[in-house]
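The values are calculated or read from the model by the stated rules, or taken from the named source; none is laboratory data. If you're wondering where the values come from, they're calculated on a predicted model, not measured in any experiment. Neighbour counts are summed over all protein chains in view; Cβ atoms, including those assigned to glycine, are modelled from backbone coordinates with ideal geometry. Accessible surface is based on the protein model in full, side chains and every heavy atom, while ligands, DNA and RNA are left aside. Shrake-Rupley method; radii C 1.70, N 1.55, O 1.52, S 1.80 Å.
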Amino acid sequence: LDVTMDQGCPLNPLVDLGQVEGALIMSLGYFLTEQVRFAADGQLITLGTWDYKPPAVHDIPLQLNVKFVASMPNPSPAAVLGSKASGEPAMALGAACALAVRDAIRAARAENGDLSPQLDLVLPLTVERIQLACCPSPQRMTTFSNSGCY
């Protein structure tokens, strides 16, 4: 995964690197795994990682390359030494992943014969939601020989 960020004149590039990496992984969790659920009485029922899935070490891309655009100072007089925000902008990067999943769902639906442009998705795009949105056909997932056996 390659990320290019404009950090202005970073106050500490290593801190900014950690902010970008952390925000990216956090946003992937927000868009793909972290489903918060409540009971009918309003009680939170996703209290631990058994039901609530924040990103873990195995969710981080094996190769995560972050590059900062060469010094492009923030012209705002309120900016500290020409710096820019480091964590918040990277949170938007998770949306790119969610949009890629949406496109993959559309492609899967087209393969199954559903060409309707309407596609309503609810975040987070969990594995279960993605599977249901793809409208899988059990008949397309099995192959029978002439004898009727697999």
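A simple rule links phi to the HN-Hα coupling: the Karplus curve 6.51 cos²θ - 1.76 cosθ + 1.60 with θ = phi - 60°, which for region 46-59 gives 9, 8, x, 6, 5, 9, 10, 10, x, x, 10, 4, 6, 8 Hz, with x for Gly and Pro. A Förster radius of 41 Å combined with the Cβ-Cβ distance from Asn12 to Val36 puts the calculated FRET efficiency at roughly 0.80.
Peptides 40-46, 89-95, ordered by how many other C-beta atoms sit within 10 Å of their residues on average, highest first, read 89-95, 40-46.
Between helix 93-111 and the chain there is an angle of about 20 degrees, using the helix long axis and the longest principal axis of the Cα atoms. Kindly identify region 1-40 as rounded, prolate or oblate by the Cα gyration tensor criterion: order the square roots of the eigenvalues as a ≥ b ≥ c, call it rounded if a/c is under 1.5, otherwise compare a/b with b/c, prolate if a/b is larger, else oblate. It is prolate, given that a/c is not under 1.5 and a/b is the larger ratio. Label positions at Val127 and Thr4, each projected 7 Å from the Cα along the C-beta direction, are separated by 3.5 nm. Over all orientations, region 35-112 has a Cα convex hull whose mean projected area works out to 10.7 square nanometres.
Each Lys and Arg Cβ is given +1 and each Asp and Glu Cβ -1; about its Cα centre, the chain then shows a dipole of about 220 debye. For Phe38, the solvent-accessible surface with a 1.4 Å probe is about 130 Å², rounded to the nearest 10.
For the chain, the calculated P(r) over all alpha carbon pairs, in 5 Å bins from 0 to the bin holding the longest distance, is 2, 8, 13, 14, 13, 12, 12, 10, 7, 4, 2, 1, 1, 1, 0, 0 percent. Over the chain, Cα pairs under 8 Å with separation of 6+ residues give a relative contact order of 34 percent.
Over region 93-140, the hull volume per residue, using the convex hull of the C-alpha atoms, is 69 Å³.
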